[in-house]
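For reference, the structure discussed in these notes is given below.
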Amino acid sequence: LMRDRIIRPLRLRNTANPLTPAIPKPVLHAYTTERGRYEESTFWNPSWTLARGAIMTSSLTDVLTSARAIGTGALLSPTAFKQMLAPDTAGLGPWDHQTYYGFGVVVKQGWIAQNPLFHGYAGVMAYLPERELSIAVFSTKTEQGDPDVNSSEHLFRRITQILTPDHAID
């Protein structure tokens, strides 16, 4: 299903669904203190967190392609895309009409983003429709890094301040 409906239509050449925790080279090595001591977590098996077949490895190029597809609704019907971006959470807790959680995405200052954080890996992939701009940032933890904080979000904010000051993430 993933291959037929997402990977092939988007021509994602470096995205795969390995049935093991193996990640093809080159690989960003991950480190975490989640279990109390600082250790490498690159090849920890994430299969317990998601359904079979939902764990994917990808390249930065494919992540950028995916960000654009998500941000444009390329693989969705117009109705589904509208539902994905609906500001239903605006006004709840910290959310407002500029920053809210859609269906599987965060919408902030016009950016449509996802921000995975898992076993020492931290990332942000985002698309700004107004500029047709995709950004992807991935990082790992330092020994002093908080395992519950996505360090890539800081890098993403700085990049938006430079590239899109009118849509900078604060």
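Distance from the Cα centroid of the range 18-71 to that of the range 89-134 is 20 Å (rounded to whole angstrom). Counting only DSSP beta bridges with both residues in the chain, the antiparallel share comes to about 100 percent.
Exposed loop sites, defined as GluC sites (Glu not before Pro) outside DSSP H, G, I, E and B with at most 11 other Cβ atoms within 10 Å, are absent from the longest region of the chain, namely 1-129. Amide H contacts of Leu133: Leu128, each under 5 Å away and 5 or more positions distant or on a separate chain (H built 1.01 Å from N in the peptide plane; Pro and chain starts excluded). Across the alpha-carbon atoms of the chain, the computed radius of gyration and Dmax are 16.5, 47 angstrom.
Summary: within the chain, the longest segment free of trypsin sites (Lys or Arg not before Pro) located in DSSP loops with at most 16 other C-beta atoms within 10 Å is 53-130.
Label-to-label distance, Asp96 versus His29, with points set 7 angstrom from Cα along the beta-carbon direction: 4.4 nm. Would you work out if the range 17-116 is rounded, prolate or oblate? Take a ≥ b ≥ c from the square roots of the eigenvalues of the alpha-carbon gyration tensor; rounded if a/c is under 1.5, else prolate when a/b is larger than b/c, oblate otherwise. Prolate, because a/c is 1.5 or more and a/b exceeds b/c.
In the chain, a dipole from Cβ-located charges (positive for Lys and Arg, negative for Asp and Glu) runs towards its positive end, and of Leu64, Asn17, Phe103 it is Asn17 whose Cα lies farthest in that direction. Report note on the peptides 116-127, 88-99: ranked by the mean count of other C-beta atoms within 10 Å, highest first, their order is 116-127, 88-99. Of the residues Leu117, Ala54, Pro165, the one whose Cα sits farthest toward the positive end of the charge dipole of the chain, with +1 on the Cβ of Lys and Arg and -1 on the Cβ of Asp and Glu, is Ala54.
Read-outs throughout are calculated quantities, based only on the coordinates presented, and are distinct from any laboratory measurement. This structure is a prediction, so every number in the text was calculated from the model and none was measured. Cβ coordinates were reconstructed from backbone atoms using ideal geometry, including for glycine residues, and neighbour counts include every protein chain displayed.
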